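These notes concern the structure reproduced below.
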Amino acid sequence: MDCSRSRFNVIFMDMQASSSDRQFLERAIALAYEGMRKGAGGPFGAVVVKDGQIIGEGHNEVLATNDPTAHAEMVAIRQACGVLKDFQLENCTIYCSSEPCPMCMGAIYWARPTRIVFATSHHDAAEHAQFDDRFIYEELKLPHEVRKIPAIQLLREEGLKLFAEWRGMDGRRGY
């Protein structure tokens, strides 16, 4: 890890952070403690804020629910989207106790909030808590057939027919 770059990122974030950013990030950290201490999952919390109000929050619930997708960010996003009755988090900020993993980052990009504010980096999570998602990034670079979980493509033409029908549907709502 390039420490000088890491320090620059922290300084840059601090320069853009407001007192409300700190308050909402403190709430995400408190949620992380809450979930961790009750054994629901790892030390992660997240809060989604719109117009200065929390509209979704959660902590990691992987162990409590036996759901590998029940990361804090996913829980908070699902709750916030329910409140907004929309699948996008327009003009929202998501606060995370730690930098989101690849799955959560994908969900965040699909939800399209305005920004992300986080406390610890994914390097910190790997070094200090043994939550290392580097292997996922490395796996995604490999050809499908040599990954630890091989992927096989079949029935492409049938799958393309799905896309063709989707494109032709009246009233289709893209996302």
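The values are calculated or read from the model by the stated rules, or taken from the named source; none is laboratory data. Because the structure is predicted, anything quoted here is derived from the model rather than measured. Neighbour counts are summed over all protein chains in view; Cβ atoms, including those assigned to glycine, are modelled from backbone coordinates with ideal geometry. Ligands, DNA and RNA are excluded from the accessible area calculation, which covers all protein heavy atoms including side chains. Shrake-Rupley method; radii C 1.70, N 1.55, O 1.52, S 1.80 Å.
Rolling a 1.4 angstrom probe over the protein chains, ignoring ligands and nucleic acids, what is the accessible area of residue 33 in square angstrom, nearest 10?
110 Å²
Across segment 56-65, in residue order, what do the Karplus-derived ³J(HN,Hα) couplings come to in whole Hz, using 6.51 cos²θ - 1.76 cosθ + 1.60 with θ = phi - 60° and x for Gly and Pro?
x, 7, x, 10, 4, 10, 4, 6, 5, 10
Show 169, 74 ordered by accessible area, largest first, where the area counts protein heavy atoms only and the probe is 1.4 Å. All intermediate terms of the calculation are to be shown ahead of the outcome.
Numbers: 169 95, 74 30 Å².
Listed by decreasing accessible area, they come as 169, 74.
Pairing the Cα long axis of helix 102-111 with the longest principal axis of the chain, what angle in degrees results, from 0 to 90 and rounded to the nearest 10?
It works out to around 80 degrees.
Within a Cβ distance under 13 Å of residue 74, other residues only, what is the Lys/Arg minus Asp/Glu net charge?
Numbers: positive: 78; negative: 57, 61, 67, 73.
Counting the neighbours of residue 74, the net charge comes to -3.
Determine the gain in length on full extension of the stretch residue 132-residue 26; use 0.36 nm per residue of separation and subtract their C-alpha separation, reporting nm with one decimal.
Values: separation 106, 0.36 × 106 = 38.16 nm, distance 2.32 nm.
Working it through step by step, the gained length comes to 35.8 nm.
Give me the 1.4 Å probe accessible area per residue for segment 49-91, excluding ligands and nucleic acids, in Å². Write out the running numbers ahead of the final one.
Numbers: 2330 Å² over 43 residues.
Per residue, segment 49-91 has an accessible area of 54 Å².
If you compute Rg and Dmax of the Cα atoms in Å for the structure shown, which of (i) 19.7, 67; (ii) 26.6, 81; (iii) 18.5, 54 do you land on?
(iii)
Among 119, 72, 17, which one shows the biggest mean-square fluctuation in a GNM of the chain, springs joining Cα atoms closer than 10 Å?
17
Just to confirm the number: angle between the C-alpha axis of helix 19-37 and the first principal axis of the chain, 0 to 90 degrees, nearest 10?
For helix 19-37, the angle is close to 80 degrees.
Quick one: pull the percent of accessible area on segment 86-126 belonging to carbon and sulfur, 1.4 Å probe, ligands and nucleic acids left out. Before the final figure, lay out each step's value.
Numbers: 1020 of 1830 Å².
Carbon-and-sulfur percentage of accessible area, whole number: 56.
Select from 158, 73, 127 the residue whose mean-square fluctuation is largest in a Gaussian network model of the chain (Cα-Cα springs shorter than 10 Å).
158
Give the lysines reachable from residue 161 as a straight Cα distance under 27 Å; neighbours fewer than 8 places away on the same chain don't count.
Cross-link targets: none qualify.
Restricting to segment 7-159, what percent of DSSP beta bridges are antiparallel, rounded to 5? Could you put the intermediate results ahead of the total?
Working: 11 of 16 bridges.
Counting only bridges with both partners in segment 7-159, antiparallel ones make up about 70 percent.
Could you please report the charge total around residue 99, scoring K, R as +1 and D, E as -1 over all other residues with beta-carbon less than 11 angstrom from its beta-carbon?
Values: positive: none; negative: 73, 124, 133.
Residues near residue 99 contribute -3 overall.
Only Cα pairs within less than 10 Å get springs; with that Gaussian network setup on the chain, which residue of 85, 141, 50 has the largest fluctuation?
In the Gaussian network model the winner is 141.
For the full complex of protein chains and a 1.4 angstrom probe, list 101, 96 by accessible area with the highest value first.
The residues order as 101, 96, largest area first.
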